[in-house]
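Asker: Before anything else, here's the structure in question.
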Amino acid sequence: MRTAPLSRADIADLADRVGGPVALPGDAGYAAECATFNLLTPVHPAVAIGASGADDVRAAVRFAAERGLPVAVLATGHQMARSAEGAVLINMSRMGAARVDPERRAARVEGGARWRGTLDEAGAHGLAPISGGSAGVGVVGYHLGGGASPIMGRRHGYAADHVRAIEVVTADAEARRVTASSEPDLFWGLLGGTGNFGAVTALEFALFPVRRFYAAGLHFAGEHMARALHAWREWACGLPAEMSTSLAFQRALPAMPEPLRGRFVMHLRFTSLGPRDEAERVLEPMRRVAPALMESAGEQPYREAVSLFLDPPGPFPWVERSGMLRDFPDEAAEALLAVAGPDAESELSLVEVRRLGGAMEGPPAVPNAVPGRDAGWSVLGIGGGDAGKAALFEEQLNTLVGALAPWTSDERMPNLLGAREGATPQALRAIYGHERYDRLAAVKKRYDPRNLFRMNHNITPAHHVDGARPKDS
Ligand SMILES: Cc1cc2nc3c(=O)[nH]c(=O)nc-3n(C[C@H](O)[C@H](O)[C@H](O)COP(=O)(O)OP(=O)(O)OC[C@H]3O[C@@H](n4cnc5c(N)ncnc54)[C@H](O)[C@@H]3O)c2cc1C
């Protein structure tokens, strides 16, 4: 195991080869390359490389492979699962281009692209990607962990289901263009296997003809929460696939609209890809359940879809836990109210339940390793804003997860795994399911036998006994 810090001489050749900066701890520029969006998941690599293109990525991976060092990849720093201690960090943020081909209804984005650019480029042609609830999240990281869209998912499935090609630098420092037919195992494993199989330099995926969509939000005060939650639960089960909904208990989120700032509210979100009058007719029963503190409703361009979900406006400290629920019966709603509702002593900033189902339940359009497809609901808890309360938030997140355990499925989408989750092969095996994990471990053995890409929710190569460390780590 190499522990000695890298010297300037060690990196001299690498610094000559790559177009972007190469920084050691203490160098000006090191902190900027290591900056994460989640301030509670800092990274401290042995060297940080700001990649300006696929050749830089190849040079960085070759440098790591020659020295037996692990590789960490950072695009936006929304979900850094490990601190990258001793690793070669590849910062992809300079590789942010997004190009849209309206004829083929497809986008090609570079490895560090954020959703904002793709939403704008696609929107200019009346097209939409299967994007998530945040414009700042990385497009590639989102696809590699599944990609559950709160608006498009029930109609079209996971984002990973619509990937056409992946350009990736694997552990042998080779650049490959991988499709479902050219290298089926690697393609399958990359989509769902998070960053375990290489550094993705570009991704191509399908777009859909969606110019505008209908969005509504209802905010309920404490005294109406129980009634609204129970009514929502039943109502959400009957929605057609083009309609989606989630419900969130929100406490002091930084992006709360002014009249609600600092208040504890329950936010019901509803969207539809269908005609406006039909959406309004379907929403009407929920409007009558209880008076709303604030209501918004209307059609909007798809590129503004993310405004519904109150993304933190800038880097922010938070801890999170998530789960997928097989079912969300009355008893589960009561359990949720007890730990997150108006009478709970919770300080969590957000506790959200999303209705999944629709195309997210069916088989994927292209084969991939995204687990948790039979879950009907997802739950996400976030404690954020005050880094000093991280331990308290962790405790309250444990309480939340424990309360919903009777309905939780073992398998779940990797995208919302917290930094401390899936930390052992045994835990990850449960999250992926045995059969899928065994196949992932076999693909890992073939493409990354020394487990260079292990600064993530790590799938260990098949020849390692579960729990054992790779030989050269
Ligand atoms: C506010 C917010 C909203 C979200 N909404 C949704 C949502 O609606 N649906 C959903 O499915 N998820 C959602 N997520 C989760 C998000 O998709 C994951 O956290 C995703 O991993 C973030 O990727 P990133 O590149 O932005 O983050 P990073 O921290 O930069 O990357 C996370 C990990 O992804 C891998 N990775 C990223 N880029 C590459 C690459 N180019 N090559 C190889 N590996 C790479 C690496 O292992 C890296 O460690 C949300 C997260 C946040 C914080």
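Asker: Apply the Karplus parameterisation 6.51 cos²θ - 1.76 cosθ + 1.60, with θ equal to phi minus 60°, to every residue of the stretch 213-220 and state each ³J(HN,Hα) to the nearest whole Hz, in sequence, with x for glycine and proline.
Answerer: 9, 9, 9, 9, x, 10, 9, 10
Asker: Additional query: Could you tell me how many degrees, from 0 to 90 and to the nearest 10, lie between the Cα long axis of helix 276-289 and the main elongation axis, the longest principal axis, of the Cα atoms of the chain?
Answerer: Orientation of helix 276-289: about 70 degrees from the principal axis.
Asker: Does anyone have the angle between helix 8-17 and the longest principal axis of the chain? Alpha-carbon axes, 0 to 90°, nearest 10?
Answerer: Helix 8-17 sits roughly 80 degrees off the main axis of the chain.
Asker: Work from the charge dipole of the stretch 1-154 (Cβ charges, +1 for Lys and Arg, -1 for Asp and Glu, about the Cα centre) and give the residue of ALA97, GLY133, ASN38 farthest towards its positive end.
Answerer: Farthest towards the positive pole: GLY133.
Asker: Another question, if that's okay. For the stretch 206-357, report the accessible area per residue in Å² (1.4 Å probe, heavy atoms, rounded to an integer).
Answerer: Per-residue value: 40 Å².
Asker: Taking the chain as the reference, fit the longest principal axis to its C-alpha atoms, fit the long axis of helix 225-237 to the helix C-alpha atoms, and give the angle between the two in degrees, 0 to 90, nearest 10.
Answerer: Helix 225-237 sits at roughly 70 degrees to that axis.
Asker: Give the shape of the chain as rounded, prolate or oblate, defined through the alpha-carbon gyration tensor: a ≥ b ≥ c are the square roots of its eigenvalues, a/c under 1.5 means rounded, and otherwise the shape is prolate if a/b is larger than b/c and oblate if not.
Answerer: Cα axes put the chain in the prolate bin.
Asker: Using the Karplus curve 6.51 cos²θ - 1.76 cosθ + 1.60 with θ = phi - 60°, what ³J(HN,Hα) values do you get for each residue of the stretch 47-54, in whole Hz, with x for Gly and Pro?
Answerer: 8, 10, 10, x, 6, 9, x, 4
Asker: Pull up all non-local amide H partners of PHE213: gap of 5 or more, or a different chain, and H-to-H distance under 5 Å with H placed in the peptide plane.
Answerer: GLN300, TYR302
Asker: If amide H atoms are built 1.01 Å from N in the plane of the peptide, which residues on other chains or at least 5 residues away come under 5 Å of the amide H of GLU167?
Answerer: Under 5 Å from the amide H of GLU167 lie the amide H atoms of VAL178, THR201, ALA202, LEU203, GLU204, each far enough along the sequence or on another chain.
Asker: Please work out how much accessible surface ASP16 shows to a 1.4 Å probe, ignoring ligands, DNA and RNA, in Å² rounded to 10.
Answerer: My reading of the accessible area for ASP16 is about 130 Å².
Asker: Let me ask another. Measure off, as a whole percent, the carbon and sulfur share of the 1.4 Å-probe accessible area of the chain, all protein chains present.
Answerer: Accessible surface attributable to carbon and sulfur in the chain totals 51 percent.
Asker: Heavy-atom accessible area per residue, the stretch 8-91, 1.4 Å probe: how many Å²?
Answerer: Using a 1.4 Å probe on heavy atoms only, each residue of the stretch 8-91 averages 37 Å².
Asker: Name the residues whose placed amide hydrogens come within less than 5 Å of the amide hydrogen of ALA128, ignoring near sequence neighbours (fewer than 5 apart) on the same chain.
Answerer: Distant-sequence amide H within range of ALA128: PHE208, VAL210.
Asker: If you place +1 on the Cβ of every Lys and Arg, -1 on the Cβ of every Asp and Glu, and leave all else neutral, what size is the dipole of the chain about its Cα centre, to the nearest 20 Debye?
Answerer: I would put it at about 640 debye.
Asker: While we're here: What shape does the stretch 212-416 have by the C-alpha gyration tensor, where a ≥ b ≥ c are the square roots of the eigenvalues, rounded means a/c under 1.5, and otherwise prolate means a/b greater than b/c and oblate the rest?
Answerer: It comes out rounded by the Cα gyration axes.
Asker: Residue by residue through the stretch 416-421, what is 3J(HN,Hα) from phi via Karplus (6.51 cos²θ - 1.76 cosθ + 1.60, θ = phi - 60°)? Round to whole Hz and write x for glycine and proline.
Answerer: Once rounded to whole Hz, the list reads 9, 5, x, 4, 8, 8.
Asker: While we're on this one: With a cut-off of 8 Å between alpha carbons and a minimum separation of six or more residues, what is the relative contact order of the stretch 1-85 in percent?
Answerer: Relative CO of the stretch 1-85 lands at 33 percent.
Asker: Farthest toward the dipole's positive end in the chain, which of ALA423, ASN456, GLY68, given Cβ charges of +1 (Lys, Arg) and -1 (Asp, Glu) about the Cα centre?
Answerer: The residue sitting farthest along the positive end of the dipole is GLY68.
The values are calculated or read from the model by the stated rules, or taken from the named source; none is laboratory data. Bear in mind that the values here come from a model prediction, so they are computed numbers and not experimental data. Every residue, glycine as well, gets a Cβ built from its backbone with ideal geometry; the counts of neighbours run over all protein chains shown. We work out accessible area using only protein heavy atoms, side chains counted, and drop any ligands, DNA or RNA first. Shrake-Rupley method; radii C 1.70, N 1.55, O 1.52, S 1.80 Å.
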